[in-house]
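The values are calculated or read from the model by the stated rules, or taken from the named source; none is laboratory data. The shown structure was predicted, so the numbers you read here are calculated from the model rather than taken from an experiment. Backbone-built Cβ (ideal geometry, glycine too); neighbour counts: all protein chains shown.
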Amino acid sequence: MHWKQWDTPPKYFRPADGWECGRLRSGLPCACGPDAQGRCQANQALKSGEDLTTCKPRRSLWWRRRRLARAGGLFVAGILALIIFLGGDKEFLAPGELTSHHAQILSRHTTENRCAACHELEATESVMAFLTKSWSGHAVDRQQQSIKCLECHQHALPNAKDFSPHDLPETTLAELTRAGSGSMRLTSFASVLPKQALEGNELACSGCHLEHQGRMHDLTMLNSDRCQSCHANRFASFTNGHPEFTNYPAHQDTRISFNHQSHSAKHFASKGKSFDCSSCHLDESQPSAVGPVGRSVSYEKACAACHDAPLRSSFSDGILVINLPSFDRQKIEAAGLTLGAWPEEASLMTDGTLSPILRWLLASTPRGKALLAKLPADGKVTDLSTTDLESLRLQTEIAAEIRLLVEELAVGGQPALQKRLSASLNPTSNSESGDGSSTNNPAQVINRDSQMISGVSPDVFRAAWLSWFQDKNETIAEVTFPKSPAAVVGFGRPSPMLDEQLSGQDPLLEQDPLLAETPVDDPLVAEPSTSKASTSKASNADPLNADPLTENSGSATFGDGNPAKSKVIALPDLSPQMHLPHGGWFVDQRRMAIVYVPVGHSDQIVKSWLTAATSKASEEGSSHFKAMLAPKAMGACTECHKIDHSAEYSVDEKYLWHARESDPSLRAFTRFNHVPHLTLPQLNQCTSCHSLQEDGRFKSMQLQNCMDCHTKQGAGDSCTQCHNYHIKLRR
Amino acid sequence: MQLNVTQLLHRPWSFFAQRCISWAITFLAIAITLCCVWGLTVRFGRSDLFTGYSLLGVCLLLAFLSIRKRMLALPIGPVKVWLQIHLYAGVLSLVLFVLHVGWFNGGWLELMLGSLFLWIAGTGLYLWYLSRRIPKRLLAVGRDVVLEEIPRLQQQHAEQAYELALKSTQLGEGVTLADYYQQKLVPYFHAPRSLFFGIVPSIRTRRRLLRELDTLDRYLGTEGRALRNQICDLVRKKDELDVHWAMQNQLRFCLTMHIVGLWALALLITVHVTTVLAFVQRG
């Protein structure tokens, strides 16, 4: 029976079967349909006498849809099998591209070892080996992965290897937590969060920096709520609950004394000048008119115009290096003691003070140190008794020690001076080396020691020795200085003894007319070398022998001694202002001292002395070092340059010669960039944020200064906009 | 009046109430998911693992509709309920997918997996749209026809039209109606409609044919006009069947597109989960 003959046509054609009637598409399906194997059932109906024609059943749509889905699955499986089992591209498994920073570093790596550069895997391994090894737990440890990161980032983040929060020690974190947990504010949903999921040192790099997030992913991006989950003091946002600034910018003593308030209200005002911040703090050579902002400015740019003349004036008399105190020879000899060779001008009464540098030099020997211990701490000999035998003996011993020092320097020159200075600074160094260098000290100390003596001529010490300690009754032959142009020309006292030593060794010296047995042509040496008795006469004849340095003023006669034929010049007293306007060493006969005149600001010798003195000033028995650092002891240096004894600085930095500059290698908790702020019209005046107090310090900024702009909708209020996570402090 | 909870639970809910409850449950699940993800993120937890496992679970739930269809004997509720669960779980899976993936970052495996997921989700959403839109249009047509019956009915209408055209030649009013049938209506009743009609069904052809049949009135007598009216009815019925055919085929085609990537998706999910578990950093 055909379906058209049915009263009710079939409503359901078994669409979920694998086969359908071959005549279904033509609208004339039979009621039997195909069986499960796809055979037409009409044959069975015919056998039972029904009027039906057979057809060729077709696959149903449901079957074909299922087959298509399976084919898709097989297609993908085939691709995966090719990649996994035939050693295809391992980067196929990577969840995403690397950030551009990491990608360009690895761009030169081959595909095989790009993954192994960061993962604990071997470059030659296949994808299957990758997976197998990873499943075995070989490459999944977070700390191991982080160590791989630090292989490259160790330099920038040296303290990150401990995986502690903020790269800070546990004790420091505990202190900070105690300091910040005083005012818990439940103003944010973050404040009700439980403790962070990670403990102490479990922080791994990937906790915040997720790689394989695409080329443009910002690895440093950090959700502010993450900060809140760990921090004891939680708040909703920067504008709602952030702690008030209490010390920002930090009130720290500057290395260079500078009072903005007095300069603004007093000094600049009195000269009718405007106190413009940008004139000092903005570098005019920069292309941008608003930055970068410098925290300090050079002396030449900011200070020299007003302070250079007073500074030079403070150095006008020079710095006493070695000065002779005065001792009462009469009382000393009356007590049966001998003062020895000592200038007559310094032998009338007990008076004077040993300069700090002289005490420094004397303290370089055990004997000198013992003598200094018996003196007052300030080195004054004025208060020494002239009746007490022990005191008088001390005076003679001090005189002898000073004489020995000058003689040693006159003979040894710079190496002897360096040896003395270094012996005080570096007691553990090899004091017997003779060259003054300390073999076990770092190069920095050697450089500093050599700076302290640079430029000093041994002639200065020789001139001092000759004028102070040479016995006027003693023959020239007893003077044992080596022959030098200064000795010959300047002072006319060649050393016969040394001449004898050298004449047999140096062929040049043998031919030197100055060394001839009878140098009749040389009026400077002819007469002094004749006899002891003629010394006095020769002294009168030799203009240089009549040492002008020993007189208040004098004259020198060049020629044969006849005033009628010789040229006579007047030699005034050496004056630093007149004769050493550019600095240097000289013998001051009025003060009986060897004096160093600094060249002005940034004098390297004074700087090295003060730096060295600072490193020793805190030690016991170093009153002379402390005295060097006293106001005006070394010119006006210490009026502006201040000592910072904090442990933040190394020894040689304690005397702070340079203003504080931000160290780019350090990372503080807070950072600030002036440039984008100064571009705003309302902030282009420095005083809009920085206002002065009465004492010249700057007032701490107010939170409100920042809150006006730094909102979520405005300039942004994320924690990392102003705060660093990875902290690197100096110590 | 005392509230009988049992009665309330067993009271049949309206379609609107069912939708409201379904959406409420879906939004609640999304809200809980977002809170968990946020909480894990700010606590340095692995929110990506949370969203990944959640997405895997929802995908298994989605696959249960197909399992339910095959296992009719299981006493786990009717397919209709599971279809609703499938729809709203699909919405949740899309939210989880966005939270889990964020944006494509270039990994080939991830790209294949994500693209396939989005393809299946997109076709699913379009199916959902069609399942809401097509019944209204078909109800407007006025008939309720099973897709598999349409060829038979079309064949029936074609034969009826042939018989009416043949009858018109026996009225003695000429062969106008028969000629028109021969020229215009034979292709209409016997040939399949165009592909464009299958995508965007319209009544433009039916209007044209009916307008042309109207113009034949001047050549027809009273009986001929009666036959013409019957042929016009058949033209309308044929067009309604064609609209049914087009729309139901759209639904079936989209269902095919929805299903065709399932095995590939299951396979890629397996590889992805294996890789993730192998490389996820423990400790």
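Here are some notes:
- Scanning region A:276-313 for residues that are touching a strand residue (DSSP E or B) at 6+ places or on another chain (Cβ under 8 Å) and either among the basic types (Lys, Arg) or at pLDDT 85 or above (or both) returns A:310, A:311.
- Only one of the listed residues (B:164, B:262) is surrounded by 15 or more Cβ atoms within 10 Å (Cβ to Cβ), under 25 Å from residue B:128 (Cα atoms) and touching a residue at least 12 places away in the same chain (Cβ under 8 Å). That residue is B:262.
- Scan region A:674-704 for residues that are loosely packed, with under 13 Cβ neighbours inside 10 Å and within 20 Å of residue A:247 (Cβ to Cβ) and the total you get is 7.
- Residue within region B:218-234 that is hydroxyl-bearing (Ser, Thr, Tyr) and modelled with pLDDT of 90 or more present: no
- Flag for residue A:59 being within 22 Å of residue B:258 (Cβ to Cβ), more than 9 Å from every other protein chain (Cβ to nearest Cβ) and modelled with pLDDT of 85 or more: yes
Residues are listed down the side, and each one gets a yes or a no for (1) within 14 Å of chain A (Cβ to nearest Cβ); (2) over 19 Å from the mean Cα position of the chain (by Cα):
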site	(1), (2)
B:54	no, yes
B:80	no, no
B:84	no, no
B:92	no, yes
B:114	yes, yes
B:118	no, no
B:124	no, no
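- So residue B:234, is it assigned to a helix (DSSP H, G or I), over 29 Å from the mean Cα position of the chain (by Cα) and surrounded by 18 or more Cβ atoms within 10 Å (Cβ to Cβ): no
- Consider region A:227-280 and keep the residues that are in contact with a helix residue (DSSP H, G or I) (Cβ under 6 Å, 6 or more places away or on another chain) and among the aromatic types (Phe, Trp, Tyr). The one that is farthest from residue A:715 (Cα to Cα) is A:275.
- All positions within region B:128-157 that are farther than 25 Å from residue B:259 by Cβ, crowded, with 16+ Cβ neighbours inside 10 Å and more than 14 Å from chain A (Cβ to nearest Cβ): B:141
- Only listed residue being over 18 Å from residue A:396 (Cβ atoms) and either at pLDDT below 90 or hydrophobic (A, V, I, L, M, F, W, C) (or both), chosen from A:334, A:363: A:363
- Of all residues assigned to region A:309-323, none qualifies as being charged (D, E, K, R) and loosely packed, with under 13 Cβ neighbours inside 10 Å.
- With respect to the conditions (1) out of contact with any Phe, Trp or Tyr (no Cβ under 7 Å at 6 or more places or on another chain); (2) in contact (Cβ under 8 Å) with a residue 24 or more places away in the chain; (3) over 19 Å from residue A:689 (Cα atoms), residue A:248 falls short on a single one, namely (3).
- Wholly enclosed helices (runs of 4 or more DSSP H) of region B:2-116 bearing at least 1 residues assigned by TED's automatic domain parsing to the domain that holds residue B:275 and among the small types (Gly, Ala, Ser): B:15-42, B:47-70, B:79-101
- Against the test of being part of a helix (DSSP H, G or I) and within 23 Å of residue B:140 (Cβ to Cβ), the options B:228, B:211, B:218 yield a single qualifying residue, B:211.
- The residue that is modelled with the highest pLDDT, counting only those in region A:205-223 that are surrounded by 19 or more Cβ atoms within 10 Å (Cβ to Cβ) and within 33 Å of the chain's Cα centre (by Cα), is A:205.
- Enumeration of residues in region B:218-250 that are of a type in the set (A, V, I, L, M, F, W, C) and either within 12 Å of chain A (Cβ to nearest Cβ) or closer than 30 Å to residue B:49 by Cα (or both): B:241, B:245
- The set of residues in region A:347-383 being over 39 Å from the mean Cα position of the chain (by Cα) and not charged (D, E, K, R) consists of A:347, A:348, A:349, A:350, A:352, A:371, A:375, A:381, A:382.
- Of the helices (runs of 4 or more DSSP H) lying entirely inside region A:295-345, those carrying at least 3 residues that are under 49 Å from the mean Cα position of the chain (by Cα) are A:299-302, A:304-314.
- Taking the conditions (1) in a helix (DSSP H, G or I); (2) loosely packed, with under 15 Cβ neighbours inside 10 Å in turn, residue B:172 satisfies each one other than (1).
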